[in-house]
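A quick write-up on the structure given underneath.
The values are calculated or read from the model by the stated rules, or taken from the named source; none is laboratory data. Everything numeric here is computed off the predicted structure, so don't read it as measured data. All Cβ positions, glycine included, derive from the backbone under ideal geometry; neighbour counts span all protein chains shown. The area values use the complete protein model at the heavy-atom level, side chains included, leaving out ligands, DNA and RNA. Shrake-Rupley method; radii C 1.70, N 1.55, O 1.52, S 1.80 Å.
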Amino acid sequence: MATPLTDQEKRKQISIRGIVGVENVTELKKGFNRHLHFTLVKDRNIATPRDYYFALAHTVRDHLVGRWIRTEQFYYETDPKRVYYLSLEFYMGRTLQNTMINLGLQNACDEAIYQLGLDMEDLEEMEEDAGLGNGGLGRLAACFLDSMSTLGLAAYGYGIRCEYGIFNQKIKEGWQVEEADDWLRHGNPWEKARPEYMLPVHFYGRVEESKEGARWVDTQVVLAMPYDTPIPGYMNNTVNTMRLWSARAPNDFNLKDFNVGDYIQAVLDRNLAENISRVLYPNDNFFEGKELRLKQEYFVVAATLQDIIRRFKISKKGSTGPVSFDSFPEKVAIQLNDTHPAMAIPELMRVFVDVEKLDWDKAWAITKQTFAYTNPTVLPEALERWPVGLLETLLPRHLQIIYRINQGHLDGIGALFPGDLNRIRRMSLIEEDGGKRVNIAHLCIVGSHAVNGVAEIHSNIIKNDVFRDFNELEPDKFQNKTNGITPRRWLLLCNPGLAELIAEAIGEGYVKDLSQLQKLNELVNDDAFIRDVSNVKQDNKVKFSQYLEKEYKVNINPSSMFDVHVKRIHEYKRLLLNCLHIVTMYNRIKKNPKAPFVPRTVIIGGKAAPGYHMAKKIIKLITAVGHVVNKDPVVGSKLKVIYLENYRVSLAEKVIPATDLSEQISTAGTEASGTGNMKFMLNGALTIGTMDGANVEMAEEAGEENMFIFGMRVEDVAEMDVQGYDARTYYNNIPELKQAVDQIQGGFFSPKQPELFKDVTNMLFNHDRFKVFADYEGYIKCQEKVSQLYQSPKEWTQMAIKNIAASGKFSSDRTITDYATQVWGVKPTDLKIPPPNEPRKALEETARVLTEK
């Protein structure tokens with residue numbers, strides 16, 4: 001049962017979490033009881049905790065609806081340029097608490113639920129994560145939506161409504177086991193189906209040439225049903241829309257072949273069409289050229305473009321006379337999140353040329369001005385290269401269009417670089433070696449007016465290495481947009497204690513302008529503030545310890561250092577390096593049990609792609625090492641290893657605020673940006689990391705002396721690639737490394753199966769692309785510095801404060817402001833849309849003011 005807030009606590013919380021007005025609370029209680037009765041058809045005698053969650057969710061949603069409708073009306077009045085963010089992934093997590101915070105309802109809801117004799121946290125825990133993403137790429141899209149609403153942009157997220165999200169991970173006997181994530185089983189109170197906007201999407205068929213031009217005929221049709229989710233901005237009454245498409249079979253599906261007489265089979269086969277939106281592909285940074293995946297990609301894009309064009313045609317200014325597409329790029333900006341939605345480029349060309357009858361050159365000029373492309377990775381195995389044969393079968397007209405785009409592109413290069421056949425081969429959209437494939441990244445670059453990387457170092461690698469030829473051709477096209485995170489979810493929601501403390505110290509303006517955190521530098525020597533920050537961290541650690549005890553039945557020491565490494569499991573992220581450090585610490589304790597040792601709890605978590613054998617072995621190795629370490633009486637409470645099962649957004653919200661040390665240890669030049677690194681920094685953890693991704697900019701902002709930086713830089717890695725990396729040299733010259741590797745390979749951690757980790761050590765010796773041994777010594781030494789500083793709590797906390805103060809740059813509000821002004825040609829606004837209880841006149845007046853601006 002929740003304890004009531006004292007008057008002082010209420011006063012303290014009023015600023016950020018909304019006001020507790022009596023009428024507010026009464027209203028919310030009424031709404032809650034009404035939904036329990038009318039929506040859920042239950043009374044308090046038989047209602048379950050899930051019913052209570054749904055009753056609250058519907059009550060909070062009621063407060064969104066008026067603002068949602070108002071926002072659409074406002075956009076109709078002002079007819080702004082609209083931004084469309086296309087992504088195959090939106091990793092949203094839970095919605096309830098985020099909505100309460102952004103609407104300023106959190107305190108009133110807490111009070112209402114308390115008065116109803118319920119516990120808010122219990123209700124919040126009933127909500128399923130919307131797991132429609134793998135990791136960073138999908139979570140970035142979710143943060144971006146929050147920022148676009150908060151900045152008052154007329155923006156829409158478009159994606160796919162997968163029935164099954166990222167798999168639930170179980171750890172059984174140390175191995176990852178996947179279970180289906182049936183996240184919609186109990187229904188989703190936040191979405192609204194819109195069958196009236198259902199649209200046809202075509203596949204297969206053939207192309208017919210005629211005097212009027214090409215016609216794509218004899219296609220199979222799948223219907224795209226939109227589901228809309230409201231995206232509230234922070235305290236500005238803007239509620240934008242995320243529209244996710246679900247696949248439906250048309251009613252005549254397969255029944256055209258009715259003469260076969262198998263009506264039953266025809267109806268059963270409808271599943272085949274609807275499989276398109278059945279399940280999220282669980283690959284992170286890995287391309288798997290499956291037909292179903294290409295279908296998903298085209299499905300999203302074809303439905304979305306029809307929607308965008310429909311909206312363009314009916315907008316206020318465009319509704320008189322015949323439609324001209326000349327103004328299309330002034331009214332529409334489309335951002336491609338990775339290459340996954342790239343088929344939008346040939347699809348828009350198909351619509352313009354085949355349907356709207358624009359001539360090719362004009363259509364191409366409009367298309368290029370409309371699209372922009374974000375490249376989120378440099379790993380070669382992540383780049384999409386679709387086989388020409390597959391495209392020819394599934395999307396024959398699009399393949400023709402791609403060939404024509406390529407022809408124009410190569411003609412241009414040929415004119416600029418006569419006779420440079422190598423350059424033409426390198427820059428072609430069609431790769432000939434090893435079977436004909438379409439290089440989708442090249443299609444995106446050629447079809448966009450702007451291309452960006454996601455951190456300074458990554459954007460430079462793109463310009464000078466991966467896409468060097470394209471950069472030489474059009475240097476103005478390439479930009480950097482360093483990623484960011486939303487401070488609403490990643491501070492206010494997940495770490496209310498720290499958020500309140502900061503608001504008391506510097507005011508609440510930082511929530512919408514995170515650069516104001518710099519003011520905390522003035523408090524870095526303030527003993528009271530240092531103590532308060534330290535206490536908040538300790539409270540978070542105790543709370544997380546209790547959660548682990550309840551959920552996983554593990555006991556950990558909350559005064560030990562929480563050393564956390566959570567992310568998708570991939571070799572480039574180098575969890576093996578962390579694992580070697582654990583084994584080294586273990587060996588040091590065993591060798592000299594009486595020596596002083598700074599107690600650590602190493603917490604590792606993340607999912608491996610189901611088909612990624614090495615990643616799954618790495619999980620097994622970590623759990624095996626943990627099993628030995630945790631059971632050893634000599635080690636006692638000095639060192640514990642926890643594998644966090646089923647890491648996901650809602651678990652990140654719990655572990656990040658409790659973290660002391662954040663592990664960001666990828667090989668330099670492999671992690672494009674990272675965003676987990678930013679979340680830890682904002683929540684007062686210190687970072688041990690390489691000069692990779694956004695770590696570089698974090699070090700610039702906070703000062704390298706306020707982070708634990710180690711290891712090779714990008715230049716060192718490049719040099720080593722030329723010289724050759726010899727793992728055995730390190731193994732032979734570093735005794736502690738040799739001991740750890742010998743134990744792993746000799747079965748010390750798998751006595752029943754001594755050979756179990758042979759393929760891991762074999763990889764480390766013979767084909768380790770990520771050079772784990774080369775950074776081992778630097779990492780171990782750096783970890784010794786970490787332990788040393790942890791023994792001085794005041795200095796540690798001062799360094800944490802400096803990091804928090806320096807994290808303002810990493811707000812997604814800053815990232816989106818940069819996209820808006822430098823790519824999309826739109827302006828953020830702090831204008832508040834009049835709330836639903838004000839008359840329509842107020843809306844029109846605000847619209848007039850904005851238009852005049």
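Figures for the structure shown
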| quantity | calculated |
| --- | --- |
| Total formal charge among the other residues, if their Cβ is under 14 angstrom from that of THR659, Lys/Arg +1 and Asp/Glu -1 | +2 |
| For LEU421, net neighbour charge (Lys/Arg +1, Asp/Glu -1) across residues whose Cβ lies under 15 Å away | -3 |
| Segment GLU196-ASP476, extension gain: residue separation times 0.36 nm, minus the distance between their alpha carbons | 96.5 nm |
| For segment 407-463 and segment 167-188, distance of Cα centres in Å | 40 Å |
| Rg/Rh ratio calculated on Cα atoms of segment 137-241 (Kirkwood radius) | 1.12 |
| Shape call, segment 704-794: gyration tensor on alpha carbons, a/c limit 1.5 | oblate |
| Principal axis box of segment 473-623, alpha-carbon based, largest edge first, Å | 57, 49, 31 |
| Against the rule of thumb 2.2 N^0.38 Å, how large the Cα Rg of the chain comes out | 0.97 |
| For the chain: relative contact order, % (alpha-carbon pairs under 8 angstrom, 6 or more apart) | 14 percent |
| Loop trypsin sites (Lys or Arg not before Pro), segment 27-80, which have at most 15 other Cβ atoms in a 10 Å radius of their Cβ (DSSP) | ARG44 |
| Kirkwood Rh in Å, taken over all unlike Cα pairs in segment 756-815 | 15.1 Å |
| For segment 603-726, the spread of Cα positions along each principal axis, largest first, Å | 42, 36, 33 |
| Karplus 3J(HN,Hα) series, Hz, for segment 482-492 with 6.51 cos²θ - 1.76 cosθ + 1.60 (x for Gly, Pro) | 4, 4, x, 10, 7, x, 5, 6, 8, 9, 4 |
| Approximate spin-label separation GLN822-GLN518, in nm, with each point projected 7 Å along Cα-to-Cβ | 1.8 nm |
| Exposure ranking of THR851, THR71 by accessible area [1.4 Å probe, largest first] | THR851, THR71 |
| Normalised alpha carbon radius of gyration of segment 207-262 [divisor 2.2 N^0.38 Å] | 1.98 |
| Cα shape, segment 218-338, gyration tensor, a/c 1.5 rule | prolate |
| Where only C-alpha atoms are counted, convex hull volume of segment 31-161 per residue in Å³ | 124 Å³ |
| Segment 319-384: Cα Rg divided by the 2.2 N^0.38 Å rule of thumb | 1.31 |
| Local net charge near GLY689, Cβ-Cβ under 10 Å (Lys/Arg +1, Asp/Glu -1) | -3 |
| Mean separation of Cα contacts under 8 Å, 6 or more apart, over the residue count of segment 209-265: relative contact order % | 30 percent |
| Farthest positive-ward along segment 534-614 dipole, Cα basis, beta-carbon charges - from TYR612, ASN578, VAL554 | ASN578 |
| Cross-link reach list, lysines versus LYS758, counting only Cα pairs under 18 Å and skipping chain neighbours closer than eight places | LYS616, LYS617, LYS620, LYS738, LYS771 |
| With at most 11 neighbouring Cβ atoms within 10 Å, loop GluC sites (Glu not before Pro) (DSSP) excluded, longest segment of the chain | 433-754 |
| Estimated distance in nm for a label pair at ASN45 and ALA415, the labels positioned 7 Å out from Cα along Cα-to-Cβ | 8.3 nm |
| Cleavage-rule hits (trypsin sites (Lys or Arg not before Pro)) in segment 669-765: DSSP loop, at most 12 neighbouring Cβ within 10 angstrom | LYS752 |
| With all protein chains modelled, accessible area of SER534 [1.4 Å, Å²] | 50 Å² |
| Reachable lysines, given that their alpha-carbon falls under 18 Å from the alpha-carbon of LYS331 and they are not under 8 places away in the same chain | LYS81, LYS313, LYS316, LYS317, LYS362, LYS368, LYS827, LYS853 |
| Computed Kirkwood radius, in angstrom, where 1/r is averaged over Cα pairs of segment 738-790 | 12.6 Å |
| Accessible area expressed per residue, segment 454-569, with surrounding protein chains retained (probe 1.4 Å, Å²) | 41 Å² |
| Table column - 3J(HN,Hα) (Hz), segment 724-732, Karplus curve with 6.51, -1.76, 1.60, x for Gly and Pro | x, 9, 10, 4, 5, 4, 5, 4, 6 |
| Under Karplus coefficients 6.51, -1.76 and 1.60, residue-wise ³J(HN,Hα) of segment 432-449 in Hz, glycine/proline x | 9, 6, x, x, 5, 9, 9, 7, 6, 4, 5, 4, 5, 5, 5, x, 10, 8 |
| For the chain, calculated [θ]222 nm from helices alone, where every DSSP H run of n ≥ 4 adds -39500 (n - 2.57) | -13500 deg cm²/dmol |
| Three semi-axes of the equivalent ellipsoid, segment 614-664, Cα gyration tensor, whole Å, largest first | 22, 17, 9 |
| Gained length - THR219 relative to TYR403, 0.36 nm times residue gap less alpha-carbon distance | 64.2 nm |
| Kirkwood hydrodynamic radius over Cα pairs of segment 740-853, then Stokes diffusion coefficient at 37 °C and 0.692 mPa s, in µm²/s | 156 µm²/s |
| Relative contact order (percent, whole number), segment 721-845, Cα cutoff 8 Å, 6+ residue spacing | 14 percent |
| Scattering curve values for segment 403-476, log₁₀ I(q)/I(0), Debye with Cα scatterers, q = 0.15, 0.16, 0.21 Å⁻¹ | -0.52, -0.59, -0.99 |
